[in-house]
Amino acid sequence: MSRTFSIIKPDATKRNLTGSINKKIEESNLKIIAQKRIKLSKDQAQGFYAVHKEKSFFNELIEYMTSAPVVVQVLEGENAVNLYRELMGSTNPKDAKVGTIRNEFAIDIQENSVHGSDSDENAKIEIDYFFNNEEIVG
Ligand code: CMP
């Protein structure tokens, strides 16, 4: 068993898609072991996406991620990072396979409905960024 970190992003929370996305997560053998709906501050969003700070889309990304509530989650399952990346589909929904979350729900490459960690190492860092141990009850 391993863990990954997920964000249900503003475009999805605004369109009332939290339940639909969680249904797909649970149906794919991932267990939601922690979850909270929060409004990211600018500092929180900039810190979380610090790796992208030189990118042309950085400012727009921060505006978007702070524009409405998000749902941050810890998901557990076998090979959770890769399982969730498969379920999310490609960053750009135009390239996302049928049946993936981004294929079904994403609007465009920025408003792409969900985030998922890209490695076990980053999953731990990202989980620790939003959750303390008492909040992860399994
Ligand atoms: P995420 O997986 O959360 O990682 C970085 C985010 O930046 C990405 O999903 C998108 O929301 C956004 N993003 C990535 N590439 C682009 C792009 N070319 N233009 C605008 N936003 C992007």
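Descriptive notes on the structure:
- Only one entry of V51, V72, V81, V98 meets the criterion of being loosely packed, with under 14 Cβ neighbours inside 10 Å and either within 16 Å of the ligand (Cβ to nearest atom) or of a type in the set (D, E, K, R) (or both), and that entry is V51.
- So A68, is it touching a residue at least 24 places away in the same chain (Cβ under 8 Å), over 21 Å from N16 (Cα atoms) and small (G, A, S): no
- Of the residues making up the stretch 84-95, those that are near the ligand (Cβ under 9 Å from one of its atoms) and either surrounded by fewer than 19 Cβ atoms within 10 Å (Cβ to Cβ) or on the phi > 0 side of the Ramachandran plot (or both) are T91, N92.
- Inter-residue pairs, beta-carbon under 8 Å, first farther than 20 Å from D11 by Cα and in the stretch 43-62, second more than 7 Å from the ligand (Cβ to nearest atom) and open to solvent by 40 Å² or more (accessible area, probe 1.4 Å), 6+ apart: G47/Y129; K53/Q46
- Checklist (1) within 9 Å of the ligand (Cβ to nearest atom); (2) among the polar types (S, T, N, Q); (3) over 18 Å from S20 (Cα atoms) applied to N112, failing item: (3)
- A search for C-beta distances below 8 Å between a residue of the stretch 100-125 that is on the phi > 0 side of the Ramachandran plot and assigned to a loop (DSSP other than H, G, I, E, B) and any residue that is away from the ligand (no atom under 13 Å from the Cβ) and open to solvent by less than 10 Å² (accessible area, probe 1.4 Å), counting only pairs 6+ apart in sequence or on different chains, returns S113/I21.
- Single residue of the stretch 115-129 satisfying the filter (farther than 16 Å from A12 by Cα and open to solvent by less than 20 Å² (accessible area, probe 1.4 Å)) that is farthest from the ligand (Cβ to nearest atom): I127
The values are calculated or read from the model by the stated rules, or taken from the named source; none is laboratory data. None of the values given here were measured: they were computed from a predicted structure. In this analysis, Cβ positions are derived from the backbone assuming ideal geometry, glycine residues included, and neighbour counts consider all displayed protein chains. With ligands, DNA and RNA removed, areas are computed over all heavy atoms of the protein, side chains included. Shrake-Rupley method; radii C 1.70, N 1.55, O 1.52, S 1.80 Å.
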